[in-house]
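The values are calculated or read from the model by the stated rules, or taken from the named source; none is laboratory data. Not measured: the values here are computed from a predicted model. Cβ atoms come from the backbone with ideal geometry, glycine included; neighbour counts cover every protein chain shown. Remember, those area values only see protein heavy atoms, side chains included, never the ligands or the DNA or RNA. Shrake-Rupley method; radii C 1.70, N 1.55, O 1.52, S 1.80 Å.
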Amino acid sequence: MIRKGVNASLLFFGIILPETNAFTALPRRSYKFGHSSLKMVKKVFIDGEAGTTGIQVRDRLSDREDLEIITPPSDLRKDEATRKKFINEADAVILCLPDDASIEAASWVEPDNDRTVLIDASTAFRVDEDWTYGFPELSGEQRSALEKSKRISNPGCYPTGFVGLTAPLVNAGILPVGTPLCVNAISGYSGGGKALMQLFDTEDHEPWSSYAFGLQHKHIPEMSKYSGLGKAPIFQPSIADFDQGMVVSVPLHYSWLKEGTKGIDIHAAIEKHYEGSIFVSVMPAGEADVKQAGLLERGAFLRPDTLKDTNKMELFVFYNDAAEQALLCARLDNLGKGASGAAVQNLNIALGVDETMGL
């Protein structure tokens, strides 16, 4: 149960609550000298940099010499006129705000401003056709769209795992469109923002909590759309007593799949899709090989916090051909590839710089 006095909406991961004073601006050079040209440093404004995702985004960008982080004085960080000014001065803006605040901030881009890139970390624009979904590993076409886009919606943490597992199978014709799936997931409590983090860090709390029993979690629309399934999965998320990390699990019956599909075929399709990927890795096929590779704690347990503070995602395919069943698992950091890391990756792609910078 959720403790009295805790806003239940905090558990719907993705809402970022700016609660503390913003950092002061870092002095930065305006130009970078290369071998053959003078390159202008790009200005980046993090609107909501005092929230959980905003802090991590800033940490990942703070040592970059190719960027200047522009920040309002702390007493003006919530001032509308000041934020509007900074949004239109920046080459790129990362919105780390609740949905309604992101929608409002996005509307402040001047009509004649065709230069500023907006990257939104909320759920506000994830299924909006005018925004590009920020999962570059989805396809070559998705990456190309991100390179050109001025409006990028950062994926949710849970959907990153679900879409990462299922979209390659739909694209390969193994998993039919419209298949009604279930997805179970466990995440660290940091996804609930500062209020939930404070509760877990300082107060008596549950060791594990399942939630979203209304079956209307806000991540479901992007799961349905970008998996290619066109069908809302039954989604059962939960949080536990660790701060960062998550495992997203999708069970499959072979009877749902293309006739004749075996576990190794599922693994091969996912592995082929992510061939050459920098941040997404497909682990060995099946429990025996995963265990042999030392990827299970004490030879049995898939630990959710292994990739903490990284932008990596690991995909697993466990299967039992005799039982005609498979279990797909994605492991990632809910604040890394599931939030701030993805935002920085999308920023790099949109600005045309090395995708791994800051990551």
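Miscellaneous remarks
- For the range 226-259, the set of residues classified as touching a residue at least 60 places away in the same chain (Cβ under 8 Å) and either among the basic types (K, R) or on the phi > 0 side of the Ramachandran plot (or both) consists of G228, G245, K258, listed by residue number.
- Residue in the range 205-227 that is within 22 Å of L315 (Cα to Cα), aromatic (F, W, Y), surrounded by 19 or more Cβ atoms within 10 Å (Cβ to Cβ) and modelled with pLDDT of 95 or more present: yes
- When L327, L296, L302, L315 are checked against the criterion of being under 25 Å from E147 (Cβ atoms) and among the aliphatic types (A, V, I, L, M), a single residue qualifies: L315.
- Restricting the range 67-112 to residues that are open to solvent by less than 30 Å² (accessible area, probe 1.4 Å), of a type in the set (S, T, N, Q) and within 25 Å of the chain's Cα centre (by Cα) leaves a set whose member that is nearest to A124 (Cα to Cα) is S102.
- Screening K258, K272, K291 for residues that are assigned to a helix (DSSP H, G or I), basic (K, R) and closer than 17 Å to L165 by Cα leaves exactly one candidate, K272.
- Selection count, the range 38-66, where residues are open to solvent by less than 40 Å² (accessible area, probe 1.4 Å) and over 19 Å from A121 (Cα atoms): 3
- Counting only residues that are among the hydrophobic types (A, V, I, L, M, F, W, C) and open to solvent by 10 Å² or more (accessible area, probe 1.4 Å), the range 158-184 holds 5 of them.
- Some residue of the range 233-241 being among the hydroxyl-bearing types (S, T, Y), in contact with a Phe, Trp or Tyr (Cβ under 8 Å, 6 or more places away or on another chain) and outside any strand (DSSP E or B): no
- Residues of the range 228-243 that are within 23 Å of L307 (Cα to Cα) and either β-branched (V, I, T) or surrounded by fewer than 21 Cβ atoms within 10 Å (Cβ to Cβ) (or both): Q236, S238, I239, A240, D241, F242, D243.
- Note on the range 113-129: residues that are within 19 Å of the chain's Cα centre (by Cα), open to solvent by 40 Å² or more (accessible area, probe 1.4 Å) and in contact (Cβ under 8 Å) with a residue 12 or more places away in the chain total 2.
- Test: residue in the range 185-197 that is closer than 22 Å to C96 by Cβ, open to solvent by 80 Å² or more (accessible area, probe 1.4 Å) and either more than 17 Å from the chain's Cα centre (by Cα) or among the charged types (D, E, K, R) (or both): no
- Summed over the range 277-333, the residues that are hydrophobic (A, V, I, L, M, F, W, C), open to solvent by 60 Å² or more (accessible area, probe 1.4 Å), under 22 Å from A185 (Cβ atoms) and in contact (Cβ under 8 Å) with a residue 40 or more places away in the chain give a count of 1.
- Given (1) among the basic types (K, R); (2) in a helix (DSSP H, G or I); (3) open to solvent by less than 10 Å² (accessible area, probe 1.4 Å); (4) over 21 Å from S144 (Cα atoms), index of the condition K337 fails: (4)
- Verdict on S249 being surrounded by fewer than 20 Cβ atoms within 10 Å (Cβ to Cβ), in a strand (DSSP E or B) and at pLDDT 95 or above: no
- Residue within the range 177-194 that is modelled with pLDDT under 95, under 25 Å from H253 (Cα atoms) and in contact with a strand residue (DSSP E or B) (Cβ under 9 Å, 6 or more places away or on another chain) present: no
- Any hit, the range 259-267, residues being surrounded by 16 or more Cβ atoms within 10 Å (Cβ to Cβ) and within 30 Å of R60 (Cα to Cα): no
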